[in-house]
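Structure first, commentary second.
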Amino acid sequence: EKPMMRICFLMFLFGFPVLSVPPKDGRAEGQMAEMHLQMQEMHNWYCKESGLGKEDSMLCKSWYATHSAREKAKLGNQPLPKPPKEDRPPRSEIDELHNGWCALEGKSSTAPCRMWSSRGKKKSEL
């Protein structure tokens, strides 16, 4: 199983990067760094810049509460933490985040949006 595919699958489940397999080569590491940056941009837009008033949503609280742990894991090339089950945001917030961000001009080609758009295909293939 490729590390990037594993990341995308876990992101689909939790709505943010959850790495369970550290990268084994520079290319994968670069892809993960890009994914991390794009996910950060997407969450900043949704939680702070979009004007949607989502700062107090469970998704935003969970994302920013795990920031230092994500940064520490990223710097040490370690798996990123999963939030406790009770702190995971509702699917409706994850849908709103991705649907809004990916509809913006130039965002549909980003890694989070490519992953998000492929989720229906994966379900129908099962």
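Scanning the range 100-126 for residues that are assigned to a loop (DSSP other than H, G, I, E, B) and hydrophobic (A, V, I, L, M, F, W, C), which turns out modelled with the highest pLDDT? Reasoning before the result, please.
Of all residues in the range 100-126, those assigned to a loop (DSSP other than H, G, I, E, B) come to 104-110, 126.
Restricting the remaining residues to those that are hydrophobic (A, V, I, L, M, F, W, C) gives 104, 126.
Working: LEU104: 95, LEU126: 45.
Here the answer is LEU104.
GLN40 passes every criterion in (1) more than 9 Å from the chain's Cα centre (by Cα); (2) part of a helix (DSSP H, G or I); (3) under 25 Å from ASP87 (Cβ atoms); (4) modelled with pLDDT of 60 or more apart from (1).
I'd like to know if the range 80-96 contains one or more residues that are of a type in the set (S, T, N, Q), surrounded by fewer than 17 Cβ atoms within 10 Å (Cβ to Cβ) and at pLDDT 90 or above.
Of the range 80-96, the ones of a type in the set (S, T, N, Q) are 92.
Filter once more, keeping what is surrounded by fewer than 17 Cβ atoms within 10 Å (Cβ to Cβ): 92.
Applying the additional criterion that residues be at pLDDT 90 or above yields 92.
The answer is yes, given that some residue of the range 80-96 is of a type in the set (S, T, N, Q), surrounded by fewer than 17 Cβ atoms within 10 Å (Cβ to Cβ) and at pLDDT 90 or above.
Can you tell me which residue in the range 45-77 is surrounded by the fewest Cβ atoms within 10 Å (Cβ to Cβ), limited to those that are acidic (Asp, Glu) and part of a helix (DSSP H, G or I)? Walk me through how you get there before you give the answer.
Just the residues of the range 45-77 that are acidic (Asp, Glu), to begin with: 49, 55-56, 71.
Among the residues that remain, those that are also part of a helix (DSSP H, G or I) are: 49, 71.
Numbers: GLU49: 9, GLU71: 13.
The selected residue is GLU49.
The values are calculated or read from the model by the stated rules, or taken from the named source; none is laboratory data. Because the structure is a prediction, the values reported are computed rather than measured. Please note: Cβ atoms are built from the backbone with ideal geometry, for glycine as well, and neighbour counts cover all protein chains shown.
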